[in-house]
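Undergrad: Provided herewith is a single structure, encoded as structure tokens, for subsequent inquiry.
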Amino acid sequence: MRGKFQLKKKALVLDSDSEDELEGSMSIEIKSDGLKFVKEGLEVGKQGILIEKSGVVMSITNQDLEVRRFIGKGSAATVQEALHKPTGILVALKSINAYDKEKRKQLMNDIKALERSECPFLVKFYGAYFDEGHVKVALELMDGGSLRDLVKRLPSPIIPEPILSKVTQQILNGMMYLHKIKHQVHRDIKPDNVLINSCGAVKLSDFGISKELEMTMGLCNTFVGTMIYMSPERIHGKKYSYSSDIWSLGLMIIELAKGSYPYPKASTYIEMIENIMNSPEPNLPGGFSPEFKDFISHCVKKNPEERWSTVQLAAHPWVLRYSQSEVNLPQWIHSCLHR
């Protein structure tokens, strides 16, 4: 598609959505044929996306897609499998309510994180379009689902250490791209948001609550995401940065290694806070390698300044030990998917 497309019909101009202090405010215009993020200079119409600043047009329409089956429903969107008829590519089609304030924020950050992303460790973004009050976002289809889906297929919800090291290496590569290139905190690292495919690829997804940091050492002080994986500083409502994602990674890896969440199950929010704040830093039980235990220890320091960065963790002996090994991740995933 060439040139600009415009939203011509009368707009419903929503009051500025109050974002956190680093993001300022965001004014949204919604019309019958699309919506516009005024501050960002981004329009989502029936013919696709227009990014005014760069003049980039990402054209995709409802007519281009043939819905095949329902995949699932989350808090922010429903997801279907669809065929992109011009290319023959199967995509995951997310449907997001354009009139829901929180979902609009998530959509904006999704697009910012994935638009023009060349990182093989993030799900690919094929485009988005407006359709009857919803924004449809076409993403790479990962046939293995999430790590959460995968462990449900196992006799016990445990991923072997060599396999988990291979998986962690790819997760760290995705996190490194977000932190170092995009200057974003993901803010929702958890098994549900790590997707896999039968080729052995592991990719981060759901950047809906990602926060872009304008400065490399920037901090966030908003409170979003899945609470049980939140770092202590986030739970306390304090400012946080990239190291908050490292804490979440550590908890997730412990859970995948031992088959259960590292803290006692909490029935209330207060109990959850007490568990995390008053308990010792989580660790792995016996039976795991010293290198693995050391890796985890550098992720789950209660003091965020003591946690290692993605670059440091990617060079940790536990990751390097299996990086060149003959561990066959695609074969293992294939065996799990066909149980």
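The values are calculated or read from the model by the stated rules, or taken from the named source; none is laboratory data. No experiment lies behind these values; they were computed from the predicted model shown. We place every Cβ from the backbone using ideal geometry, glycine too, and count neighbours over all the protein chains shown.
Undergrad: Exactly one of these conditions fails for residue 179: (1) of a type outside the set (Phe, Trp, Tyr); (2) at pLDDT 90 or above; (3) closer than 25 Å to residue 329 by Cα; (4) touching a helix residue (DSSP H, G or I) at 6+ places or on another chain (Cβ under 8 Å). Give me its number.
TA: Single failed check for residue 179: (3).
Undergrad: Name the pairs: first residue in the stretch 102-119 and of a type in the set (Lys, Arg), second residue at pLDDT 70 or above and assigned to a helix (DSSP H, G or I), Cβ to Cβ under 9 Å, at least 6 apart or on different chains?
TA: As it stands, the answer is none, since no pair meets every condition given.
Undergrad: Based on what the data block shows, is residue 276 in the same structural domain as residue 175 (by TED's automatic domain parsing), part of a helix (DSSP H, G or I) and surrounded by 16 or more Cβ atoms within 10 Å (Cβ to Cβ)?
TA: For residue 276, the condition - in the same structural domain as residue 175 (by TED's automatic domain parsing), part of a helix (DSSP H, G or I) and surrounded by 16 or more Cβ atoms within 10 Å (Cβ to Cβ) - is met.
Undergrad: Here's a follow-up. Can you go through 154, 195 and tell me which one is surrounded by fewer than 17 Cβ atoms within 10 Å (Cβ to Cβ) and of a type in the set (A, V, I, L, M, F, W, C)?
TA: 154
Undergrad: Here is a follow-up. I'm trying to understand the selection: among the residues of the stretch 284-308, which are at pLDDT 95 or above and surrounded by fewer than 18 Cβ atoms within 10 Å (Cβ to Cβ)?
TA: Hits for the stretch 284-308 are 289, 290, 291, 293, 294, 297, 298, 302, 303, 305, 306.
Undergrad: Considering only the stretch 252-268, I want to know if a residue exists there that is under 20 Å from residue 177 (Cα atoms) and surrounded by 12 or more Cβ atoms within 10 Å (Cβ to Cβ).
TA: Applying the first criterion (under 20 Å from residue 177 (Cα atoms)) to the stretch 252-268 yields 252-253.
Okay, now just the ones that are also surrounded by 12 or more Cβ atoms within 10 Å (Cβ to Cβ), so 252-253.
For the stretch 252-268, residues under 20 Å from residue 177 (Cα atoms) and surrounded by 12 or more Cβ atoms within 10 Å (Cβ to Cβ): present.
Undergrad: If only one of 281, 291, 305, 271 is of a type in the set (Asp, Glu), farther than 25 Å from residue 155 by Cα and in contact with a His (Cβ under 8 Å, 6 or more places away or on another chain), which one is it?
TA: Answer to the check: 291.
Undergrad: Are any of the residues in the stretch 107-119 at pLDDT 85 or above and of a type outside the set (D, E, K, R)?
TA: Within the stretch 107-119, one or more residues are at pLDDT 85 or above and of a type outside the set (D, E, K, R).
Undergrad: Anything in the stretch 230-285 that is of a type in the set (S, T, N, Q) and under 12 Å from residue 296 (Cα atoms)? List them, or say none.
TA: Within the stretch 230-285, 248, 283 qualify.
Undergrad: Somewhere in the stretch 287-300, is a residue closer than 26 Å to residue 184 by Cβ, outside any helix (DSSP H, G or I) and not β-branched (Val, Ile, Thr)? Outline the logic, then answer.
TA: If we filter the stretch 287-300 for residues that are closer than 26 Å to residue 184 by Cβ, which is where we start, we get 295-300.
Of the ones still in play, those that are also outside any helix (DSSP H, G or I) are 298-300.
Checking the rest, the ones that are also not β-branched (Val, Ile, Thr) come to 298-299.
Yes, the stretch 287-300 contains at least one residue that is closer than 26 Å to residue 184 by Cβ, outside any helix (DSSP H, G or I) and not β-branched (Val, Ile, Thr).
Undergrad: While we're here: Within the stretch 63-94, take every residue that is at pLDDT 90 or above and closer than 25 Å to residue 31 by Cβ and give me the one that is surrounded by the most Cβ atoms within 10 Å (Cβ to Cβ).
TA: For the stretch 63-94, the residue satisfying everything is 93.
Undergrad: Same structure, new question: Given the conditions (1) surrounded by 14 or more Cβ atoms within 10 Å (Cβ to Cβ); (2) modelled with pLDDT of 90 or more, report the number of the one that residue 337 does not fulfil.
TA: Among (1) surrounded by 14 or more Cβ atoms within 10 Å (Cβ to Cβ); (2) modelled with pLDDT of 90 or more, the lone unmet condition for residue 337 is (2).
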